[in-house]
Amino acid sequence: MIVKVAGRIETIAADAWDACANPETLPYNPFVSHAFLHALEKSGSVGDGTGWLPQHLVLEEPNGAIAGVMPLYLKTDSHGEYVFDHAWADALERAGGHYYPKLQCSVPFTPVPGRRILARPGPNEAQVEHILAAASVAVAERIEASSVHMTFLTEGEWSRIGKAGFLQRTGQQFHWTNAGYATFDDFLATLSSRKRKAIRKERAEAQAGVEIVSVTGADITEAHWDTFFDFYMDTGLRKWGRPYLNRAFFSRLGAALAERCLLVFAREGDEFVAGALHLVGGDCLYGRYWGETRHHPFLHFELCYYQAIDYAITHGLARAEAGAQGGHKLARGYLPETTYSLHWIADPRLEAAVSRYLAEERREIRTVNAVLRDRGPYRKDEPA
């Protein structure tokens with residue numbers, strides 16, 4: 001087998017990439033699809049000058065068939081990753097080393113858990129995983145990168161590749177799980193009385209004076225993307241200082257994955273005043289971006305959380321995920337889940353210090369998640 005490095009995803013056949021990223025045996029994940037990653041690159045949201053330079057790994061069999069791929073990027077900063085390593089960078093720089101560049105195996109700007117070492121199904125999957133993981137380290141050593149980071153991968157990958165010498169890190173997100181509900185009221189019935197009343201009150205206030213409009217598939221127009229981009233920019237400028245994605249990305253996303261895009265708007269009269277973008281996976285609704293140009297109480301919760309739950313119930317999806325962080329999601333039915341990342345660090349001093357830190361962090365994450373689940377909004381006499 002041969003490992004090649006691809007500086008552009010368009011040099012890899014889409015069907016070959018997707019056979020590894022989204023095989024029919026697994027629920028579809030739009031974020032590792034060729035179309036999504038290609039939209040990032042072709043729009044210029046990823047590439048030269050963005051801090052994300054594609055270095056995708058491709059594992060070829062002797063007959064030329066692709067056995068596995070890895071979305072990999074050369075990073076010159078730590079922006080847009082959501083697994084924070086700024087303190088590690090600072091420590092190495094203060095010790096006289098250089099933390100950047102580093103290699104990042106992830107989906108840019110997307111803290112969505114899923115497979116990251118994308119092996120085509122078959123008897124050699126485990127071998128392919130380990131070859132690609134080892135290849136990422138070999139590339140790092142060749143270009144003198146400080147480290148390799150694989151973020152928001154699955155627990156299985158975390159466990160298997162972690163045994164090969166990568167440092168193991170955990171984090172926290174809040175996800176909603178569909179327990180076979182037929183309606184939103186069925187979900188509410190599993191909550192404590194106080195939480196149930198609070199959600200009904202929030203939804204009533206959020207919907208007062210506005211109309212909720214959902215648009216998906218071929219019904220999404222460039223005008224819809226123009227409107228949503230204004231919301232995205234407003235939130236991005238306030239939260240990040242510089243939004244990561246440009247307007248061209250959303251057009252390319254809509255053209256390539258229209259049936260996977262769900263825009264939920266709030267309209268006041270003839271004007272859209274808020275909106276949220278979700279992507280539809282095989283068994284999950286993924287909440288991504290949100291914004292508003294006119295504040296309405298609880299409208300954020302309505303468009304990002306409650307509408308997501310409604311959609312997941314109606315379409316029989318197993319989960320709704322609403323992005324990174326956000327303890328406020330707990331009261332709205334989203335329970336803490338563990339996220340996973342792997343890290344290889346070349347400098348033995350930094351590697352030892354980070355290893356000690358991560359052991360303590362993993363213990364803390366386990367404790368906090370257990371406590372929060374116990375304090376969740378669900379009735380104690382009902383399964384969560």
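The values are calculated or read from the model by the stated rules, or taken from the named source; none is laboratory data. Predicted model only: the values in this text are computed from it and were never measured. Neighbour counts run over all protein chains shown; Cβ positions are idealised from the backbone, glycine included. The protein model used for the area step is the full one, side chains on, heavy atoms only, and it has no ligands, DNA or RNA in it. Shrake-Rupley method; radii C 1.70, N 1.55, O 1.52, S 1.80 Å.
Can you tell me which of Leu279, Leu299, Leu263, Leu285 is free of Cβ contacts under 8 Å to residues at least 40 places away in the same chain, in contact with a strand residue (DSSP E or B) (Cβ under 9 Å, 6 or more places away or on another chain), among the hydrophobic types (A, V, I, L, M, F, W, C) and open to solvent by less than 10 Å² (accessible area, probe 1.4 Å)?
Just a single option satisfies the conditions, and that option is Leu285.
Return the residues of region 310-336 that are farther than 20 Å from Tyr28 by Cβ and charged (D, E, K, R); say none if nothing qualifies.
Within region 310-336, Asp310, Lys329, Arg332 qualify.
Mind listing whichever residues of region 64-82 are within 18 Å of Thr154 (Cβ to Cβ) and outside any loop (DSSP other than H, G, I, E, B)?
Passing the criteria: Gly68, Val69, Met70, Leu72.
Within region 52-71, restricting attention to residues that are open to solvent by less than 10 Å² (accessible area, probe 1.4 Å) and of a type outside the set (A, V, I, L, M, F, W, C), which residue is nearest to Ile131 (Cα to Cα)?
Gly68
Restricting attention to region 330-352, does a residue exist that is of a type in the set (A, V, I, L, M, F, W, C), open to solvent by less than 20 Å² (accessible area, probe 1.4 Å), out of contact with any Phe, Trp or Tyr (no Cβ under 6 Å at 6 or more places or on another chain) and not in a strand (DSSP E or B)?
Within region 330-352, one or more residues are of a type in the set (A, V, I, L, M, F, W, C), open to solvent by less than 20 Å² (accessible area, probe 1.4 Å), out of contact with any Phe, Trp or Tyr (no Cβ under 6 Å at 6 or more places or on another chain) and not in a strand (DSSP E or B).
Would you confirm whether or not region 346-358 contains a residue that is touching a Lys or Arg at 6+ places or on another chain (Cβ under 9 Å) and more than 18 Å from Met150 (Cα to Cα)?
Scanning region 346-358, I find no residue that is touching a Lys or Arg at 6+ places or on another chain (Cβ under 9 Å) and more than 18 Å from Met150 (Cα to Cα), so the answer is no.
All but one of (1) open to solvent by 40 Å² or more (accessible area, probe 1.4 Å); (2) touching a Lys or Arg at 6+ places or on another chain (Cβ under 8 Å) hold for Lys4; which doesn't?
In the conditions (1) open to solvent by 40 Å² or more (accessible area, probe 1.4 Å); (2) touching a Lys or Arg at 6+ places or on another chain (Cβ under 8 Å), Lys4 misses (2) alone.
When the residues of region 96-108 are filtered to those that are surrounded by fewer than 21 Cβ atoms within 10 Å (Cβ to Cβ) and in contact (Cβ under 8 Å) with a residue 40 or more places away in the chain, which remaining residue is nearest to Val3 (Cα to Cα)?
Filtering first and then ranking leaves Pro101.
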